[in-house]
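Please read the structure below before turning to the comments.
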């Protein structure tokens, strides 16, 4: 089957791995379309670079309104799709985005099947024309990939009646660090057990709750541990200022933005990863990709009850949850893993085994391949 995939997130090479694994299926002929350039508020300007396995399958195109997930669209998309003549058009984009409507127009012209991927886990209402665009995609699609069952339920509430397949985020087992992290710890000045956060430093990610939990832990444990904040975001500078004013010097290290390929080394350095996401009116954690990435590295996790986080922790057995917004509960759970090395080891081992078995890109690509095959055959 000839599959044309459109994905703005594949401007970053780590997000291309699922397509590299999909291409291993002998019945798949793939065209991956991604932006030539993309602006990320977290990482700045990004230039497309294909994974070696995808050099012959990838096609980067200029994008208008690049950096805007809902408003961007591709220049020259039609001729590229027409030359490839796909059997299936796979949209790794939300159905209310402009690029999805652009792709739908070409799908109707080419007469191929249409499959889309959604992570939206809140039943948001959109004003026209976005509500119209979304409705057209939901009516025209042959299959929907969903990041979670919450996302599937939202689709049903919006009127989608077709088949769905759950497609979680994956990990590349080849990227799991094999050595120790002594050099990285020394470079960052990490002393004692390391408690870490990885991701966008923003209010909805619960970083202020984490700061309060750290203050509680300092009162209980003194400066016997370190905290590493890995990433960047709009709340970083205010958070750094608060850390300098309220916590002992050297306790917390801010690394700034870290390249995707280097993230596993940082996760491998941590003794506990905390994901303290806090549900907002228009947002809750859609998956928590860093959870499976941390577990793949053998790092146990402490996560809030926001969105899909508890489901990931329960399915892998790789950590514990706390009531979102409850900083004392968070501190209790972190302290428990820091003080009980046997428990932390058991959780990490269980989580790592589960993730490498069920969340590897090879496994995830198999789910995608099955759904695309079903769509092509007209199954339900």
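FYI, it's all coordinate maths here, none of it is from the lab. Just so we're clear, the structure is a prediction, and the values are computed from it rather than from any experiment. Every residue, glycine as well, gets a Cβ built from its backbone with ideal geometry; the counts of neighbours run over all protein chains shown.
Where both residues lie in the range 173-358, what percent of DSSP beta bridges are antiparallel, nearest 5? Walk me through the numbers before you get to the answer.
Values: 2 of 20 bridges.
That works out to approximately 10 percent antiparallel.
A Förster radius of 22 Å combined with the Cβ-Cβ distance from residue 140 to residue 363 puts the calculated FRET efficiency at roughly 0.15. Computed packing ranks the peptides 100-112, 151-163 as 100-112, 151-163, most packed first, by mean other Cβ atoms within 10 Å. If neighbour count is taken as other Cβ atoms inside 10 Å, put 324, 335, 55 in order from fewest to most. Sorted ascending by nearby Cβ count, the order is 55, 335, 324. To the nearest 10 degrees, how steep is helix 236-246 against the longest Cα principal axis of the chain, on a 0 to 90 scale? Between the helix axis and the principal axis of the chain, the angle is about 10 degrees. Which one, 128, 168, 310, has the greatest fluctuation when you compute a Gaussian network model over the chain with C-alpha springs under 10 angstrom? Residue with maximal mean-square fluctuation among 128, 168, 310: 128. Put the Cα centre of the range 274-317 next to the Cα centre of the range 49-112 and the gap is 30 Å.
Ranked for footprinting exposure by Cβ neighbours inside 10 Å, fewest first, 238, 119 give 238, 119.
Computed over the chain with a Gaussian network model linking Cα atoms closer than 10 Å, the most mobile of 312, 334, 14 is 14.
For the chain, give the share of DSSP beta bridges that are antiparallel, in percent and rounded to the nearest 5; count only bridges with both residues there.
Working: 8 of 51 bridges.
Just about 15 percent of them are antiparallel.
Once you order the gyration tensor axes a ≥ b ≥ c over the Cα atoms, which shape class does the range 157-268 get: rounded for a/c under 1.5, otherwise prolate or oblate by comparing a/b with b/c? It comes out oblate by the Cα gyration axes. Angle of helix 327-339 to the longest C-alpha principal axis of the chain, folded into 0 to 90 degrees and rounded to 10: 70°.
Treating the angle as unsigned and between 0 and 90°, give the value, to the nearest 10°, between the Cα long axis of helix 130-140 and the longest Cα principal axis of the chain. Helix 130-140 sits roughly 60 degrees off the main axis of the chain. Length gained on full extension, residue 43 to residue 203: 55.8 nm, using 0.36 nm per residue less the C-alpha separation.
Springs join every pair of Cα atoms under 10 Å in this Gaussian network model of the chain, and among 148, 304, 350 the largest mean-square fluctuation is at 350.
With an a/c value under 1.5 for the gyration tensor axes a ≥ b ≥ c computed over the alpha-carbon atoms, the range 173-358 is described as rounded. According to the square roots a ≥ b ≥ c of the eigenvalues of the Cα gyration tensor, what is the shape class of the chain, taking rounded for a/c under 1.5, prolate for a/b larger than b/c otherwise, and oblate for the remainder? Note, shape of the chain comes out prolate.
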